[in-house]
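Everything below concerns the one structure shown next.
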Amino acid sequence: MKGKIILVSSVALAAFFVFLFMTLKVPKTGSLSNEQTAVLTQEQVNALRAAYPLHSGVPSFATMKMPSLQDIIDRADTLLYAKVLGKIDPYEIEFSAGALQRKDSFFGYDLEVIRDSAGKLKKGANVTVSANAVIKELYPSLRKGMEIIIPISKSSFKGKQYDFSSLGMFYVTDGGYAISAYNMEDAIAKDGTHVSLLLKTLWGMKKK
Amino acid sequence: MAKFSKKVLLFFLGLFLLGSVTTETLAHEMYYMGSSPISLKWNNIVSGRAQLKINGDNLSSFYTSSPNSYYSIARDSWNGAAGKVSCMQESFSSATVRFYTADATLWEFLFGLIFQYDFLGLAEIFSPSNAAIIDEYSAINSQGKIAYANILLTPYTSSFTNVTSVRYTMCHEIGHVLGLGHPDIGNPNPSTPQSIMLSSFTNQTYYSPQQHDLDDLTAKY
Ligand SMILES: [Zn+2]
């Protein structure tokens, strides 16, 4: 009797997952004949949003003029396809110029390079990206193990390796599809593009 | 059944009334703990008016010289607003609100190489015990009081799209110094009224406090 119940429950559970899989129809990397051109439908992107929320915060005290995706690409040294190794411990840098002296806190992440659009960083290399806490609200919180596309630029401050941008940042899903991390129109328009194709497209936008 | 419907109707009526009272009496704050606003007010209030002593000695001529006279227009923009604010010109050493034109290295230090051209201004507010108010926790620790502030403006004046965007930014930052938050983001009930406190400059054509902002001041002070 007990065995029968377990069997029925297992079949029901399996059927439920098959149903779920068919409803979402998120293709996996391996199952694609031409992953370079595959793009998810809006429904599939919407279904992924629960796990990869769209961030739209802006700093409380600053006035900002929203840049375009083109601006971000043009200003970045490179676009990395990288894995998040984890948050770094916040650190401080002292700054002094003219009438203003200050010590600011910085937050950020350690990343492992999967691919570097500019071709300077090797696969498996570790980089640290960080930003001043005054603009923390502009950034989504990244989880360890996440894969992302991220615009970065080499910092000119001692003790700070790379600046990074939340605008033009994309989450890469298990199936290898990119969806925008920040709520900006021209980035959202690229939601659901396969990571290889997106990297190529975005890097191709950069004005040389 | 009829009794049940009546109860449901009363429940929704209650909810509606609660909603209308809430939007009428609460100003948009800069910080919230969950959905509870953390009120921040200027510390020096005389006869119901926040006393802002403003100085612009560290501004570059772009911000101070005629014909645009950005600084003096911004300094006066909140003076007398809703009968709750007095803005006075003050010497640098005695001022409680100091404007600065940041230099390029400071702007990079704050916003990084990728965003340095996107940020137009930044207000930094401090409690009576000299602590920077930068998040909900420091806001609570400040006992809700703002004692002084710095307003930093971009060295990249070509980042401003037009004359209005300079004026909007400077007036907006003084709004933060008064403790006002953004109505359109960072609060539990975001909306986009005509307001000098909207979080980003898009194509606004005004550059002084709007009715929404005066209502927020009245609710706060
Ligand atoms: Zn603001």
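For an R0 of 35 angstrom, estimate the FRET efficiency from the Cβ-Cβ distance between A:GLU92 and B:SER65 and round to the nearest 0.05.
For R0 = 35 Å, the calculated efficiency reads 0.40.
Would you mind telling me which residue in B:ASP118, B:ASP184, B:ASP76 has the biggest mean-square fluctuation in a Gaussian network model of chain B, where springs connect alpha carbons within a distance under 10 angstrom?
B:ASP118
With the convex hull built on the Cα atoms of chain B, state its orientation-averaged projected area in nm². Working shown, then result.
Working: hull surface 59.6 nm².
So the mean shadow area of the Cα hull is 14.9 nm².
Of the peptides B:104-114, A:193-203, how do they stack up when ordered by the mean number of other Cβ atoms within 10 Å, highest first?
B:104-114, A:193-203
On average, how many beta carbons from a partner chain sit within 10 Å of the beta carbon of a residue in A:131-138?
On the way: counts 5, 6, 3, 9, 7, 2, 3, 4.
Averaged over the peptide's residues, the number is 5.
Work out, step by step, the length gained on full extension between A:GLU185 and A:LYS208: first 0.36 nm times the residue separation, then minus their alpha carbon distance; give nm to one decimal.
Between A:GLU185 and A:LYS208, full extension yields 5.9 nm more.
Going down the list A:LYS160/A:LYS207; A:LYS136/A:LYS160; A:LYS136/A:LYS200, which pairs span over 20 Å between their C-alpha atoms? Walk me through the intermediate numbers first.
Values: A:LYS160/A:LYS207 26 Å; A:LYS136/A:LYS160 16 Å; A:LYS136/A:LYS200 29 Å.
Violating the 20 Å limit, Cα to Cα: A:LYS160/A:LYS207; A:LYS136/A:LYS200.
At 1.4 Å probe radius, can you tell me the per residue accessible area of chain B in Å²?
On a per-residue basis, chain B sits at 45 Å².
Using a Förster distance of 22 angstrom, determine the FRET efficiency expected from the C-beta separation of A:LYS200 and A:ALA125, and round it to 0.05. Don't skip to the answer; put the middle values down first.
Numbers: r = 21 Å, r/R0 = 0.94.
For A:LYS200 and A:ALA125, the calculated efficiency is 0.60.
First compute the accessible area of the protein assembly as shown with a 1.4 Å probe, then give the percent of it belonging to carbon and sulfur atoms.
57
Tell me: how much accessible area in total is hidden between A and B, 1.4 Å probe, Å², nearest 100? Please report the intermediate quantities before stating the final value.
Numbers: alone 12360 and 11600 Å², together 20680 Å².
Its buried surface, counting both partners, is about 3300 Å².
When only alpha-carbon atoms count, how far does region A:30-204 stretch along each of its three principal axes, as whole angstroms with the largest first?
60, 34, 28
Which whole-angstrom value gives the distance between the alpha carbon centres of region A:88-159 and region B:51-91?
So the separation of the two Cα centres works out to 36 Å.
Give the distance, in whole Å, between the Cα centre of region A:40-65 and the Cα centre of region B:105-176.
Each part reduced to its Cα centre gives a spacing of 24 Å.
Considering only B:ASN203, B:ASN44, B:ASN150, give the residue with the highest GNM mean-square fluctuation for chain B, with springs between Cα atoms whenever their separation is below 10 Å.
B:ASN203
So for chain B, averaging the separation of alpha carbon pairs under 8 Å that are six or more residues apart and normalising by length, what relative contact order in percent results?
Answer for chain B is 26 percent.
For peptide B:117-123, what's the mean number of Cβ atoms from other chains within 10 Å of each residue's Cβ?
6
Quick one: 3J(HN,Hα) in Hz for region B:105-119, Karplus 6.51/-1.76/1.60 with θ = phi - 60°, rounded, Gly and Pro as x.
5, 5, 5, 5, 4, 7, 10, x, 5, 6, 9, 4, 8, 8, 8
The values are calculated or read from the model by the stated rules, or taken from the named source; none is laboratory data. On a predicted model such as this, the values are computed, not experimentally measured, just so you know. So basically every Cβ, Gly included, is an ideal-geometry build from the backbone, and we count neighbours across all protein chains shown. Note: accessible area is taken over every heavy atom of the protein model, side chains too, but ligands, DNA and RNA are not part of it. Shrake-Rupley method; radii C 1.70, N 1.55, O 1.52, S 1.80 Å.
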